[in-house]
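Read through the structure below, which is laid out as structure tokens, and then see the notes.
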Amino acid sequence: MSEALVATQAPEASASGASGARRFWRRLRTQRAATVAAGIVALLVLVALAAPLLTTLEGQDPTTYHPSLIDSARGGVPTGSLGGISGRHWLGVEPQTGRDLFARLVYGARVSLGVAFSATVLQVVIGLVVGVAAALGGGWIDQVLSRITDIFVALPLMIMSLALLAIVPQSFPRPVLVTLVIGLISWGNIAKIVRAQTLTLKGLDYVAAARLSGWGAWRIARRELLPGLAAPVITYASILIPVNISVEAALSFLGIGVKPPTPSWGQMLTAADVWYQAAPQYLLLPAGALFVTVLALTVLGDGVRTALDPRAASRLGVGTGRTRAAVTTSTATSTATSTSTATATAAAKEESE
């Protein structure tokens, strides 16, 4: 009987998942700020992926020095107006080295976004495995995994990253190392979220039916639990990405993250801190790119959270006036309906009397 119940629920769950995805996209599209943020994020990802093509169109690369474009008499300030902006150097050149700023900025997007997205994927995978294993294992397995998770939650990310990055040989690829350090240290919170949600899902009827039918723990987790975990995991992952971008930038700014000549927005900020008066664009370009990226990802993450759980109010107010008007109209309609019902009831009572 339980097998029949599970068999009949499988297509229904698939249809429900499809309709749930459509509802999610519909709710997300009604939020104008989140839609704009998604467009900005998509553009940034496209720029990062197309960095070789864009620099080829410009005719430059991120590592070539141009000493002829530097005024050595003024301490290495770029010659020309606005930091050396020209038809050959669209955003000017780097002080003291003459490397093309546009090329370094778009290649820096590859490093910063790549590290952030890769570290987020690593955090989600570890958090899912640990959280589901703790909830399904129960007993001493849950106790051990929960205590390990508590330890990693309590670890200070920046201090641990500073210690680990300082002792690893310089020959190890720094973007990969930064990704591993962030991903392997900061998975504790998502593991706690997954464990709590899995414990809630375990008590539902369809999971109990799957267990009674003889399904193993892995099959139950894959077929029944993971679809229910999608919403909280996606929401938290969308919040983690801007956090990881900021962490990578901070580590590179402190000089222990991505090393030259590999471009990174944080590493560019490190080199620009002494040039903000002589060549302000050298500081403003990577700082502006970081600001726009983190802001867009934060707004998009909040929009995703609101679309997945419409009962939760947006922290950033990324809803639209149309959405608020719909809520107001719905409230007014409900109020009018209640009033008319009460009036009709009172009239009927008077007539009967």
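Residues are listed down the side, and each one gets a yes or a no for (1) farther than 30 Å from Y65 by Cβ; (2) of a type in the set (G, A, S):
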| site | (1), (2) |
| --- | --- |
| L201 | yes, no |
| A210 | yes, yes |
| A217 | yes, yes |
| I245 | no, no |
| P263 | no, no |
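Of all the residues in the stretch 144-157, those that are surrounded by 13 or more Cβ atoms within 10 Å (Cβ to Cβ) and small (G, A, S) number 1.
Of everything in the stretch 268-277, what is outside any helix (DSSP H, G or I), in contact with a helix residue (DSSP H, G or I) (Cβ under 9 Å, 6 or more places away or on another chain) and within 22 Å of T64 (Cα to Cα)? Give them in sequence order.
If we filter the stretch 268-277 for residues that are outside any helix (DSSP H, G or I), which is where we start, we get 273-277.
Narrowing the set further to residues that are in contact with a helix residue (DSSP H, G or I) (Cβ under 9 Å, 6 or more places away or on another chain) leaves 273, 275-276.
Listed by number, the residues that qualify are D273, W275.
The single condition among (1) within 18 Å of G183 (Cβ to Cβ); (2) crowded, with 18+ Cβ neighbours inside 10 Å; (3) not acidic (D, E) that A135 does not meet is (1).
Restricting attention to the stretch 251-267, the residues that are modelled with pLDDT under 85 and of a type in the set (A, V, I, L, M, F, W, C) add up to 4.
Residue by residue, here is whether (1) closer than 26 Å to R147 by Cα; (2) more than 25 Å from the chain's Cα centre (by Cα); (3) among the aromatic types (F, W, Y); (4) at pLDDT 85 or above holds:
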site: N189; (1), (2), (3), (4): yes, no, no, yes
site: T198; (1), (2), (3), (4): yes, no, no, yes
site: L204; (1), (2), (3), (4): no, yes, no, no
site: G216; (1), (2), (3), (4): yes, yes, no, no
site: R223; (1), (2), (3), (4): no, yes, no, no
site: V233; (1), (2), (3), (4): yes, no, no, yes
site: Y236; (1), (2), (3), (4): yes, no, yes, yes
site: L240; (1), (2), (3), (4): yes, no, no, yes
site: V243; (1), (2), (3), (4): yes, no, no, yes
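Just to be sure, is I141 among the hydrophobic types (A, V, I, L, M, F, W, C), in a helix (DSSP H, G or I) and either touching a residue at least 12 places away in the same chain (Cβ under 8 Å) or buried (at least 16 other Cβ atoms within 10 Å of the Cβ) (or both)? Full working, then the answer.
Values: among the hydrophobic types (A, V, I, L, M, F, W, C): yes; in a helix (DSSP H, G or I): yes; either touching a residue at least 12 places away in the same chain (Cβ under 8 Å) or buried (at least 16 other Cβ atoms within 10 Å of the Cβ) (or both): no.
Considered against the rule, which asks whether it is among the hydrophobic types (A, V, I, L, M, F, W, C), in a helix (DSSP H, G or I) and either touching a residue at least 12 places away in the same chain (Cβ under 8 Å) or buried (at least 16 other Cβ atoms within 10 Å of the Cβ) (or both), I141 comes out as no.
Residues that are among the hydrophobic types (A, V, I, L, M, F, W, C), surrounded by 12 or more Cβ atoms within 10 Å (Cβ to Cβ) and at pLDDT 90 or above number at least 2 in the following helices (runs of 4 or more DSSP H) confined to the stretch 1-75: 32-49, 51-58. Give just the number: which of (1) of a type outside the set (D, E); (2) over 21 Å from I193 (Cβ atoms); (3) without any contact (Cβ under 8 Å) to a residue 40 or more places away in the chain; (4) surrounded by fewer than 16 Cβ atoms within 10 Å (Cβ to Cβ) does T97 not satisfy? It fails just one condition, (4). The set of residues in the stretch 210-239 being surrounded by 15 or more Cβ atoms within 10 Å (Cβ to Cβ) and among the aromatic types (F, W, Y) consists of W215, Y236. Tell me, please, whether a residue that is farther than 22 Å from L49 by Cβ, in contact (Cβ under 8 Å) with a residue 24 or more places away in the chain and aromatic (F, W, Y) can be found in the stretch 116-137. Within the stretch 116-137, not a single residue is farther than 22 Å from L49 by Cβ, in contact (Cβ under 8 Å) with a residue 24 or more places away in the chain and aromatic (F, W, Y).
When A109 is tested against (1) outside any loop (DSSP other than H, G, I, E, B); (2) free of Cβ contacts under 8 Å to residues at least 40 places away in the same chain; (3) farther than 22 Å from N189 by Cα, only condition (2) is not met.
Any idea which residue in the stretch 241-267 is surrounded by the fewest Cβ atoms within 10 Å (Cβ to Cβ), counting only those that are in a loop (DSSP other than H, G, I, E, B) and of a type in the set (S, T, Y)? If you could, list the steps in order and put the result at the bottom.
Filtering the stretch 241-267 for residues in a loop (DSSP other than H, G, I, E, B) gives 254-264.
Right, trim to of a type in the set (S, T, Y) and you get 262, 264.
Working: T262: 19, S264: 30.
If we take residues in the stretch 241-267 being in a loop (DSSP other than H, G, I, E, B) and of a type in the set (S, T, Y), then T262 is surrounded by the fewest Cβ atoms within 10 Å (Cβ to Cβ).
The values are calculated or read from the model by the stated rules, or taken from the named source; none is laboratory data. Please read all numbers here as calculations on a predicted model, not as lab measurements. Every residue, glycine among them, receives a Cβ derived from its backbone with ideal geometry; neighbour counts consider all protein chains shown.
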